[in-house]
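Structure record follows, encoded as structure tokens.
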Amino acid sequence: MKLTSYTIERGYPVPPERLYAGFTEPDLLKQWIWGPGAKDVRVECDLQINGTFNISMDGGDSRWGMRGMYLEIQPGRKLIHTLHWDADVGYNGEGKHPIDEVIVVNIKPYADGSALEYLHMGIPDDGRSAAEHERSVRATLDLLEKVLA
């Protein structure tokens, strides 16, 4: 199966350490990671190399989740982790076995804040999933800006 990726680049009016905290601190992650309508969000993070995270929310009749393992950690600068969906995102439903995806978060000081480069790799190239992920992540990154303000 062919895989694809997307990259989002944008600025935030907060210092790099604050933006990095938005991706690593459970209390901040709860407020934005699933979007504005998320209910009963739970976040567990063991922020160390080979440490894991598990983030879930009330999905109605079941919990929806995502989990992964931290591969690279550079506080205030960079975070790389795997991503495994415990929620049906279309290409991972019953009988399908996609590989885990990879997220790379690069943060740099920029002007009066931070520049974010968010790279999401390993999405099945089915002509629609990457674009849908990107649309959704852009919306949640807008929410992250509000949470960090």
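For segment 63-78, the condition of being out of contact with any Ser or Thr (no Cβ under 9 Å at 6 or more places or on another chain), among the acidic types (Asp, Glu) and more than 24 Å from Ala131 (Cβ to Cβ) holds for at least one residue. Residues considered: Asp125, Asp86. Of these, the only one that is touching a residue at least 12 places away in the same chain (Cβ under 8 Å) and surrounded by fewer than 15 Cβ atoms within 10 Å (Cβ to Cβ) is Asp125. Just so you know, in segment 89-120 the residues that are under 18 Å from Ile8 (Cβ atoms) and without any contact (Cβ under 8 Å) to a residue 40 or more places away in the chain include one that is farthest from the chain's Cα centre (by Cα), and it is Asn106.
Restricting to segment 133-149, what's the tally of residues that are over 24 Å from Pro26 (Cβ atoms) and loosely packed, with under 13 Cβ neighbours inside 10 Å?
1
What residue, among those in segment 89-102 that are among the charged types (D, E, K, R) and surrounded by fewer than 17 Cβ atoms within 10 Å (Cβ to Cβ), is farthest from Met57 (Cα to Cα)? Checking each candidate, the answer is Lys96.
Bear in mind that the values in this text are calculations on the coordinates, not laboratory data. Model, not experiment: these values are computed from the prediction. Here the Cβ is made from the backbone with ideal geometry for all residues, glycine too, and neighbour counts use every protein chain on show.
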